[in-house]
Amino acid sequence: MKVEVDLKKCQDHGQCVYAAPDLFALDDEGRLSLRSQATDVYVADVDEASAEALYEAAEVCPLQAITVHE
Amino acid sequence: MTVTTAGPASVTGDLLPFRDPGFRADPYPYYARLRREHPVYRHPAGLYVVSRYEDVARLIRNPTLSVQQLDFGPAAPIHHTMLGKDAPDHTRLRRITNRWFTPKAVEEWSKVMRASVEAVLDEVEKGDGALDAADGLSLKCTFETTCHIFGIEPTDMDTIQRKTYEIGLSLGPGGNDEEARATTEAFAWFAGHIRRLVSDKRAHPGEGLIDAFIAAQDEGRMTEEEVVHTIFLFFAVGHLDVKHLINHGIWLLTQQPGLFAAYRDEPEARPGIINEILRIDTPESMVVRLTTQDTVIGATTVPAGEALALLIASANRDPEVFADPDTFDHTRPLAAGQHLAFGSGMHGCAGQVLARAEADIVFSSIVNRFSGVELAGEPAYAHTEFLRTITHLPVRFR
Ligand code: HEM
Ligand code: SF4
């Protein structure tokens with residue numbers, strides 16, 4: 001499965017970090033750490049084992065910046 | 001207290017007269033001067049006021065800043081809520097409530113809000129089209145929605161509004177002794193009222209947010225104090241800022257017939273219109289944080305243990321980010337969506353999906369049903385240095 005994070009929508013609320021700490025992190029500036037790897041849209045493969053946490057992250061993101069692709 | 005640069009300390013006079021009625025009515029020229037001349041301003045009350053977008057946006061996400069160590073004065077009970085806690089307590093409390101305000105959950109709450117708004121407008125249409133939109137629409141409908149989420153009957157609305165406002169008076173840095181007393185009394189009233197609601201709920205369980213808090217307490221994930229004060233928090237945030245978004249939006253519709261038409265005819269413009277209402281008259285002027293280490297802000301180094309007031313309402317008018325910032329323009333490029341009205345970072349607003357949905361329901365229902373709206377009297381205000389508030393908004397729909 002894949003995760004897609006729209007970094008233009010994301011406002012670094014970090015709620016995804018609480019839901020899926022293995023997949024998301026904030027950097028020292030308090031910004032989503034994926035920002036160092038992409039500017040507009042971040043896409044990555046995610047292990048099926050993390051599916052539940054990933055879906056929770058997508059659900060709680062207040063900006064709806066996270067999309068999960070099966 | 002030590003000040004490590006001459007910048008902020010060299011200012012004489014009060015550039016941010018929190019209690020001045022002129023300032024409260026229209027703080028924006030004061031903010032503009034601060035941004036230009038004193039972007040990090042040491043206020044006579046002791047705190048450092050930060051007014052430029054770039055600084056505010058960076059600091060509001062700075063994980064070294066604390067809210068738990070802040071002295072909230074008479075509003076100290078807020079430390080029993082996520083708003084007054086740092087990680088890991090903040091994380092624990094926020095995770096309990098986050099699921100209740102996801103877009104999927106908000107679809108459910110929107111049905112309640114829509115029914116409430118339609119019921120009010122039905123009555124308006126039967127009558128002469130006149131309404132005090134502040135209490136009769138914005139407060140009533142958001143309050144009923146909050147109570148539905150809680151799983152309780154919508155009772156004591158006027159008292160809850162008044163007591164919340166009295167607590168709000170002490171949230172900004174400009175409070176006085178009389179306001180502090182009112183705040184203490186209001187917290188005591190809420191504690192009594194909420195403990196009654198909770199024991200009622202224990203006797204007659206349901207599936208609301210209050211039931212979820214009771215379950216969390218029984219499982220050891222929340223303390224009793226946290227349950228009581230978190231319920232207070234949602235009573236407060238359930239109407240306070242969103243009411244201003246709706247009221248200011250309706251007022252703008254009375255002033256700009258073009259906006260009324262745009263909201264009706266261009267559904268794709270609606271999110272941008274809501275963002276611009278939030279930007280141009282940001283309901284909550286500031287968020288406050290405590291430094292825990294030397295913190296560099298532009299040319300100023302603020303030492304540990306100092307309170308920072310991050311003026312989100314000023315950041316949202318910074319011409320460096322928002323061209324012609326004092327003009328309402330909902331067609332601003334996307335970057336303008338990055339206003340800071342909901343804060344950002346860890347404490348970023350937990351209810352922003354709900355707030356946007358509630359505002360959209362009100363504005364959509366109005367433009368779909370009526371051909372225009374005008375003022376039917378003078379609006380009345382009770383702005384503080386912390387919160388924008390319209391207390392009366394007499395309008396007539398046609
Ligand atoms: C237009 C409406 C609203 C505005 C402008 C607004 C603004 C804000 C701001 C600026 C903060 C950050 C405070 C800080 O960083 O210290 C905040 C936090 C919060 N808001 Fe809202 N809010 C609104 C509506 C709502 C609604 C409707 C709810 C829920 C029903 C809500 C729930 C919360 C909660 C629980 C927090 C605390 C989050 C935390 O500390 O992690 N808000 N809001
Ligand atoms: S929860 Fe959403 S907005 Fe917050 S950091 Fe994660 S992706 Fe960004």
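Overview of results
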quantity: Filter result for the condition that a residue is more than 25 Å from B:Gln338 (Cβ to Cβ), without any contact (Cβ under 8 Å) to a residue 60 or more places away in the chain and crowded, with 19+ Cβ neighbours inside 10 Å, over B:Gly13, B:Gly84, B:Gly22; calculated: B:Gly84
quantity: Residue in region B:240-250 that is more than 14 Å from every other protein chain (Cβ to nearest Cβ) and either without any contact (Cβ under 8 Å) to a residue 24 or more places away in the chain or away from ligand 1 (no atom under 13 Å from the Cβ) (or both) present; calculated: yes
quantity: Subset of region B:307-317 (residues that are surrounded by 23 or more Cβ atoms within 10 Å (Cβ to Cβ) and not in a loop (DSSP other than H, G, I, E, B)); calculated: B:Leu308, B:Ala309, B:Leu310, B:Ile312, B:Ala313, B:Ser314, B:Ala315
quantity: Of all residues making up region A:4-54, the number that are within 20 Å of B:Thr102 (Cβ to Cβ), in contact (Cβ under 8 Å) with a residue 40 or more places away in the chain and in a strand (DSSP E or B); calculated: 3
quantity: B:Ile361 being touching a Leu at 6+ places or on another chain (Cβ under 8 Å), away from ligand 2 (no atom under 16 Å from the Cβ), not in a loop (DSSP other than H, G, I, E, B) and not small (Gly, Ala, Ser); calculated: no
quantity: Search result, residues across region B:73-99 that are within 23 Å of A:Cys16 (Cα to Cα) and away from ligand 2 (no atom under 16 Å from the Cβ); calculated: B:Thr81, B:Leu83, B:Gly84, B:Lys85, B:Asp86, B:Pro88, B:Asp89, B:Arg92, B:Leu93, B:Ile96
quantity: Test result for B:Ala105, within 14 Å of another protein chain (Cβ to nearest Cβ), of a type in the set (Gly, Ala, Ser) and either touching an Asp or Glu at 6+ places or on another chain (Cβ under 7 Å) or assigned to a helix (DSSP H, G or I) (or both); calculated: yes
quantity: Region A:23-70, subset crowded, with 19+ Cβ neighbours inside 10 Å and small (Gly, Ala, Ser), residue farthest from ligand 1 (Cβ to nearest atom); calculated: A:Ala58
quantity: Residue check for B:Ala304: over 18 Å from B:Trp251 (Cβ atoms), at pLDDT 95 or above and part of a loop (DSSP other than H, G, I, E, B); calculated: yes
quantity: B:Ser364 within 25 Å of B:Lys111 (Cα to Cα), touching a helix residue (DSSP H, G or I) at 6+ places or on another chain (Cβ under 8 Å) and either more than 14 Å from every other protein chain (Cβ to nearest Cβ) or at pLDDT below 95 (or both); calculated: yes
quantity: Test: residue in region B:264-285 that is assigned to a loop (DSSP other than H, G, I, E, B), away from chain A (no Cβ under 14 Å) and either more than 18 Å from B:Gly343 (Cβ to Cβ) or within 16 Å of ligand 2 (Cβ to nearest atom) (or both); calculated: yes
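The values are calculated or read from the model by the stated rules, or taken from the named source; none is laboratory data. Just so it is clear, the structure is predicted and the values come from calculations on it, not from any experiment. As a convention, Cβ positions derive from the backbone with ideal geometry for all residues, glycine included, and neighbour counts pool all protein chains shown.
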